[in-house]
Amino acid sequence: MPRASVIAKNYSKALFIAARKGQKINEVERELSRFKDSFNTNFANELKNPVISKNDLEKVVDEIAKQFKLSSLTRNFFASIVRNRRLNLFPEIFEEFNRILKKFKNIIEIEVISAKKTDKVSLDKIKSIIQKKYPDKTINIKEAVNDNILGGFQVKIGSNLVDASLKNQLEKIKKECITAIN
């Protein structure tokens, strides 16, 4: 995931603080997710056009609020980013908001990558091992399939990677053989 810009971080942090103060974190999260599913980058970039008046931008926000049945907090957030012609940053803001939210809720997201879909028993074992290392955290597992790893699996926890793949093991053996020959 690319790093969020400073502007996106500031907007997402401000929105999170406001949502937490208003005890509307879950509501804002649902509303942002609904909007994200329909987000169109081309439309957002069009709204950056300086020819579009502030009045017309307000109409756009009103329409967005009606379409997605937004609470006043989320509506005001969209009014701010549209008025400041920053709607194009919404994907970054959304990702950063989710990162802050996961940290607040003590959630760690891990990614299990394997050559084929991993069975539930194996996922539960991986989860329990990670749960021992992070007892105060909630573990969410995302699965990914990558047939290039041949077999075994890789586990990503933040920027750390545990590589128990067959491809990695074969690479190690190859390096050992080359070292032994030389």
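Estimated at 0.36 nm per residue, the fully extended path between Ser38 and Gln23 surpasses their Cα-Cα distance by 2.8 nm. Could you give the DSSP H helices of the chain that reach 18 angstrom or more along their long axis (alpha carbon positions) and whose average Kyte-Doolittle hydropathy is no lower than 0.0? Span-like helices, by this rule, are 6-21. Calculated FRET efficiency, Glu143 to Gln67, Cβ-Cβ distance, R0 = 35 Å: about 0.60 to the nearest 0.05. For Ile7, project a label point 7 Å along Cα to C-beta. Then give me every residue of segment 69-94 with its amide nitrogen under 16 Å of that point. Hits in segment 69-94 for Ile7 at 16 Å: 78-94. Put in order of Cβ neighbour count within 10 Å, fewest first, the listed residues Ile178, Ile157 become Ile178, Ile157.
Let's test the formula: R0 of 41 Å, r as the Cβ-Cβ distance of Ile107 and Ile178. What FRET efficiency results, to the nearest 0.05?
0.45
Rounded to the nearest 20, the size of the Cβ-charge dipole of the chain about its Cα centre is 500 debye, with Lys and Arg at +1 and Asp and Glu at -1.
Only the coordinates and a few stated rules stand behind these numbers; no lab work does. None of the values given here were measured: they were computed from a predicted structure. Counting neighbours? That spans all protein chains shown, and the Cβs are built from the backbone with ideal geometry, glycine included.
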